[in-house]
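Presented below is the structure to which this report refers.
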Amino acid sequence: MARYVLPYGKPRGERADAARNRELLLATAREMIAEHGVAKVTMDGLAERAGLGKGTVFRRFGTRAGIFRALLDADERRFQERVLTGPPPLGPGADPIDRLVAYGRARIAFLLDHQDISRAALERDRPAPIAADMTQLHLRVLLDRAGVRMPHMEGVTVQLTAALEGPMLLALSAAETAPPLEPDVEPMLADAWQVLIERLVR
């Protein structure tokens, strides 16, 4: 399979001290989220806890939402690495249909696990922080490898991508007071994804 890497993680050419500060701030933000939840993470609080100046935090992230975008970027990269180089069936080496099913199940779990961070990463002038491009490309490659042939394959891939990423996008577009997707929705969505793939390749 052709390797593809989307632009997540630290920027190229980042100075060593800047990279260290970035990793410190992300680790500190994760600690704060684990202890107190997303709502309690502020720019000032993050700077104080990390022992860095507020200017460093603002230069690194720009806005509070930027903190959560950076967290998502880092987690998306780790997820992508699991897909590209991890063990099968999510990673290479498995039958492409098994990989399609495994990818859907893993992606659904990832999106549900990142609900609060995704909502906190929303900014008015930027798209929702969901990496659907990665999903669309990966699904298209696996469908091709599986020998799935039907009219409008690009459109089919878009629809399958929406089946995975859509519930999260709908949740993010809802009012801020709307409840998050419940954890017990994961097996239902994952099982439905497997049925969809198995029916598609018959």
Filtered residues of region 121-148 (kept if more than 13 Å from the chain's Cα centre (by Cα) and either modelled with pLDDT under 90 or on the phi > 0 side of the Ramachandran plot (or both))
L122, E123, R124, D125, R126, P127, G147
If we scan region 86-102, do we find a residue that is closer than 13 Å to E165 by Cα and either surrounded by fewer than 19 Cβ atoms within 10 Å (Cβ to Cβ) or not basic (K, R) (or both)?
no
Taking T28 as the residue in question, decide whether it is among the hydroxyl-bearing types (S, T, Y), under 21 Å from the mean Cα position of the chain (by Cα), surrounded by 14 or more Cβ atoms within 10 Å (Cβ to Cβ) and over 16 Å from I130 (Cα atoms).
yes
Select the helices (runs of 4 or more DSSP H) contained entirely in region 95-177, then report the ones holding at least 2 residues which are in contact (Cβ under 8 Å) with a residue 60 or more places away in the chain.
96-113, 115-120, 132-145
Inspect region 32-55 for any residue being in contact (Cβ under 8 Å) with a residue 12 or more places away in the chain, in a helix (DSSP H, G or I) and within 16 Å of the chain's Cα centre (by Cα) and give the result as yes or no.
no
Residue hits (region 119-174; among the acidic types (D, E), touching a helix residue (DSSP H, G or I) at 6+ places or on another chain (Cβ under 7 Å) and closer than 25 Å to R82 by Cα) are E165
What single numbered condition from (1) within 27 Å of V185 (Cβ to Cβ); (2) in a helix (DSSP H, G or I); (3) at pLDDT 95 or above; (4) not β-branched (V, I, T) fails to hold for G91?
(2)
Residue selected from region 58-87 under the condition assigned to a loop (DSSP other than H, G, I, E, B) and free of Cβ contacts under 8 Å to residues at least 12 places away in the same chain, by the criterion farthest from M134 (Cα to Cα)
G62
Please tell me if F58 is of a type in the set (F, W, Y) and closer than 20 Å to R22 by Cα.
yes
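The values are calculated or read from the model by the stated rules, or taken from the named source; none is laboratory data. As the structure is a prediction and not an experimental result, all values here were calculated from the model. Note: ideal-geometry Cβ built from the backbone for every residue, glycine included; neighbour counts use all protein chains shown.
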